[in-house]
1. Mind ordering 77-88, 249-260, 60-71 by average Cβ neighbours within 10 Å, highest first?
2. If we restrict to alpha carbons, what Rg and Dmax does the chain come to, in Å?
3. For the range 1-150, what does the alpha-carbon gyration tensor say about shape, rounded, prolate or oblate, given a ≥ b ≥ c as the root eigenvalues, a/c under 1.5 as rounded, and a/b over b/c as prolate?
4. Specify the residue with the greatest mean-square fluctuation among 234, 48, 176, computed from a Gaussian network of the chain linking alpha-carbon atoms under 10 Å apart.
5. What order do you get for 193-204, 178-189, 219-230 when each peptide is scored by the mean count of other beta carbon atoms within 10 Å, highest first?
6. Run lengths n ≥ 4 of DSSP H only: what is the helix-derived mean residue ellipticity at 222 nm for the chain, with -39500 (n - 2.57) per run over all residues, to the nearest 500?
7. Report, in degrees rounded to the nearest 10, the 0 to 90 angle that the Cα long axis of helix 123-134 makes with the longest principal axis of the chain.
8. Report the percentage of all Cα-Cα pairs in the range 161-302 whose separation exceeds 21 Å, rounded to a whole percent.
C-alpha cells in the first residue's frame, strides 16, 4: 500500500478519510469500505470518491494542518455527503454539483469544530445533508433514486447485525455489511466486536420496544447508530462496556424522538448519544479524581 500511495497523489488521505467514517485511520479499511459501497451502487461509490477528493483538496488549498489531512479527518463527512445524495436522489447533474459543494462545506465545518476542539464526529455531514435534502425535496425537487424505490424483502436473521454496519454508509446489503465489519476488524478487532454486539443489542431493544418496524430492523436501520457508538467507546475495561451501552440507549432514544417528529435521522442519534455520554463520562472521571485527591489529602493529614 505504501508504494502505491507514493505513486498516486492523495490516495492515502482519501482512503483514510473513507476509513474515518467508522473512526479508523487505516487505508485498507477505507479501501474495503469503498468496495462495499461499489457493491451496493456504482453512483454511490463514485460519489464517495469525488466527495472525499473534494474534501481533501479543500483542506489542502485552505492550508489546514497536514497531519490532520493525512489522517483523513477532512474526508469522512465529505464522503458521507457523497454517498447520501445518490442514495436519496437520481444522479442528475445538479446532484453531482451539490456533492462537490456539500463536500467542501462539510470539510470547512469539520475544520471549525476541530479548531474549537469540539468532538462532533459526523455532525458536519448531518447538517449539510439536511440542508441539501430540504433543497431537493422542497425548493428544487429532484426525483428519488432507484435505490429508494426498490422493494426490499429480508429475512429476520442474524445478518441484520452485518447490515447495521452497512447502513452506516447507506448500504443495506449483507455482503457490503460483511465487508465493512471485516474492514473495521483488521484495523481494530475490539471495536468491530463491540460494534457487532451493540448492533445486536440495539436491534433487540428496538424490536422489544417496537421502536422500529421489523422490516427496518432486519435491514439494519435500528442498529447503525449503535455500531458507531460502540466504536467510539470500545476498550478493554469493564467500564468501557457500560459507556457503550449507555451511548447506545441514548442514541436509540434520540432516534425514537426524531422519528416521532418525522425527522431524517442520518447519523445524528449517534452524534447526540455519543456527545451526551462523553459529557457524563467526563463528569464521572472528574468526580473520582476529586474524590481520590480528597482521600489522599486526608491520609497526608493523618
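1. Details: 77-88: 29.1, 249-260: 18.3, 60-71: 13.9.
Packing proxy ranking, top to bottom: 77-88, 249-260, 60-71.
2. Just the Cα atoms of the chain yield Rg and Dmax of 19.8, 76 Å.
3. Working: a/c = 2.01, a/b = 1.34, b/c = 1.50.
Taking the square roots of the gyration eigenvalues as a ≥ b ≥ c, the range 1-150 is oblate.
4. Checking each option, the largest mean-square fluctuation is seen for 234.
5. Working: 193-204: 22.8, 178-189: 21.2, 219-230: 29.3.
The peptides rank, most packed first, as 219-230, 193-204, 178-189.
6. Values: 16 runs with 220 residues, N = 302.
Value at 222 nm, helices only, nearest 500: -23500 deg cm²/dmol.
7. On a 0 to 90 degree scale, this one is about 40.
8. Tail of the P(r) past 21 Å holds 45 percent of the pairs.
A short reminder: the numbers here are calculations on the coordinates, not readings from a lab. Owing to the predicted nature of the structure, the values given are computational and were not obtained by experimental measurement. Reconstructed Cβ throughout: ideal geometry from the backbone, glycine too, with neighbour counts over all protein chains shown.
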